[in-house]
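Let me begin by presenting the structure, written as structure tokens, before commenting on it.
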Amino acid sequence: MSTGWARFAHRFGQYYRTSEFWTPPRLKSREWMFIPFGGSPPIRHKGFTDMQDVRTFLSERAMHSCFYSTAYWKRPYELKMADKLWQGADLIFDLDGDHLPGVTDRDFPAMLGVIQEQGWSLWNDFLQPEFGFDEKYLQVTFSGHRGFHLHYRDPNLFHLDSEARRELVSHIRGEGVDVQGGMSRFNETDSHGWSRRIRDGVDDMILKLQVISNKQGDYSTILKDLEHGLKSQYDREGSTSQRSAASIKKLAEVVNHEARSKRIREGNFGALGSYDGLFLNLLKTDSSVVLGNAGETDEVVTIDTRRQIRWPTSLHGKTGMRVSEFPLNRLDPDGSNPYRPLQEAWALNGQEKLRVEITVEDAVAQFHDKRYDLTRGQILEISEAGATFLVLKGWAKIV
């Protein structure tokens, strides 16, 4: 193990020996997984009776990352999955910034801002108003890297199978949603979910189609993005009608009419004639509507009834940041006290400064209130937390 990695392993070990830890509900029913420093294989199929056992294990060897199962097992320590005896599982919604089109973690602060908005919208637009989820069963955490986790532990939902969980994600994504039927509440300001999202996305879609019709600016990219999204939606839902760029161009010509576009903004989609279905499907698939108001959730995590999830209060091995729990109201980025991961999730805040050399081009990082625009070859003298983040992400090396 290199000197740099040995240093991080030592500091992670100090953290695990001295910190207070969050205890998962039904601890004895959970399976644990650990990834050591140095490239060794993951350690799986671990079971513990209490948190002191976990602390003792972590004191013996520093771990790069720590996970526990979202599932409840009768015998979590068994090596064969069939012998563990599945009892149920939490419902997990995993929102990661790297899943969003046009968003990159090379601008780390901006990415976290966008994905925090998605997490709040997911709860506020869907999970609570449409599915009736109760905040008392919810745990919200910052993942320690690129996003947020919503852990939902309603005992009535523990036994949902993968297919039932997939239906939740499909509804959030708009797959199979009857958009036309949902437009009956278009003009109701208290509407939620797809009715509200379609209403809020109409103006943006009209503007995009008018840009295409008038061949303004980067209209070809807008057309390509709409066509790609439409084809992906139709492939999932089995539809073959009106999916080409030619159909979108014809719709754009129809929309590019002042009186007609005014009627569309008022919810009169009959003004579109035979193109009303195409317009509504474009609304449903357009990223500004789906991602801007629904949230992008990692389907694989939600539907997996045997998933491993990062352990709150552990350290993320790719950043050195703490996987941190916080109240739901702080997920609201426009609230009175929003959660600020780049100010609050740093765990290694020693007084020592470290010199690092940046190894990537055009990246943006932030540590507490100081922002860094990074370029290859740049030398920084920075806090231990900042140096840990940059080196673990592969953005810098210690010099």
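The amide H of Ser65, built 1.01 Å from its N in the peptide plane, has Ile35 as neighbours under 5 Å, considering only residues 5 or more places off or on other chains.
Order the peptides 67-76, 331-340 from the highest to the lowest mean number of other Cβ atoms within 10 Å of their residues. Walk me through the numbers on the way to the answer.
Numbers: 67-76: 20.3, 331-340: 15.2.
The most tightly packed comes first, giving 67-76, 331-340.
Each Lys or Arg adds one and each Asp or Glu takes one away; over the other residues whose Cβ falls under 13 Å from the Cβ of Asp50, this sums to +3. Remark: spin-label model distance Asn256-Arg306 equals 5.5 nm, labels positioned 7 Å along the Cα→Cβ axis. Within the shell of other residues whose beta carbon sits under 9 angstrom from the beta carbon of Phe34, the net charge comes to +3, with Lys and Arg scored +1 and Asp and Glu -1.
Pull out the extension gain between Lys224 and Arg17, defined as 0.36 nm times the separation in residues minus the alpha carbon to alpha carbon distance; nm, one decimal. Don't skip to the answer; put the middle values down first.
Numbers: separation 207, 0.36 × 207 = 74.52 nm, distance 5.32 nm.
Computed gain between Lys224 and Arg17 is 69.2 nm.
By the equivalent-ellipsoid construction on the alpha carbon gyration tensor, segment 353-398 comes out with semi-axes of 14, 12, 9 Å, ordered largest to smallest.
Using the Cβ-Cβ distance between Ser274 and Glu167 with R0 = 45 Å, the FRET efficiency computed as 1/(1 + (r/R0)^6) comes to roughly 0.90.
Take every Cα pair under 8 Å whose residues are at least 6 apart in sequence, average their separation, divide by the length of segment 353-398, and the relative contact order is 48 percent. Could you tell me whether segment 64-161 comes out rounded, prolate or oblate from its Cα gyration tensor? Rule is a ≥ b ≥ c as square roots of the eigenvalues, rounded for a/c under 1.5, then prolate if a/b exceeds b/c, otherwise oblate. Here segment 64-161 falls in the oblate category. Stretching the chain fully between Leu79 and Asn214 yields a gain of 42.3 nm (0.36 nm per residue, less the alpha carbon separation).
The angle between the Cα long axis of helix 245-255 and the longest principal axis of the Cα atoms of the chain comes to about 60 degrees, rounded to the nearest 10.
A simple spin-label model places the labels of Asp204 and Ser244 2.9 nm from each other, with each point 7 Å out along Cα-to-Cβ. For segment 373-396, the residues whose amide N sits under 19 Å from a probe point set 7 Å from the Cα of Glu357 along the beta carbon direction are 374-383, 387-396. Relative to the globular-protein estimate of 2.2 N^0.38 Å, the Cα radius of gyration of the chain stands at 1.12.
For the chain, what does -39500 (n - 2.57) per DSSP helix run (n ≥ 4), summed and divided by total residues, give at 222 nm, in deg cm²/dmol to the nearest 500?
Numbers: 15 runs with 155 residues, N = 399.
Taking each H run of at least 4 residues, the total per residue is -11500 deg cm²/dmol.
Who wins for biggest fluctuation among Ile198, Ile303, Ile379 in a Gaussian network model of the chain, springs between alpha carbons below 10 Å? Maximum fluctuation in the GNM of the chain, among the listed residues, is at Ile379.
Once you keep just the Cα pairs under 8 angstrom separated by 6 or more residues, what percentage relative contact order results for the chain? Write out the running numbers ahead of the final one.
Working: 698 pairs, mean separation 77.5, N = 399.
After rounding, I find 19 percent.
Listed highest first by mean packing, meaning other Cβ atoms within 10 Å per residue, what order do 156-166, 8-18, 139-149 come in? Please list the in-between numbers first.
Values: 156-166: 13.6, 8-18: 17.2, 139-149: 23.9.
Per-residue mean Cβ counts within 10 Å order the peptides as 139-149, 8-18, 156-166.
Since every read-out is calculated from the coordinates, none of them should be taken as a lab result. All values reported here derive from a predicted model rather than from experimental measurement. Note that each Cβ is placed from the backbone with ideal geometry, even for glycine, and that neighbours are counted across all protein chains shown.
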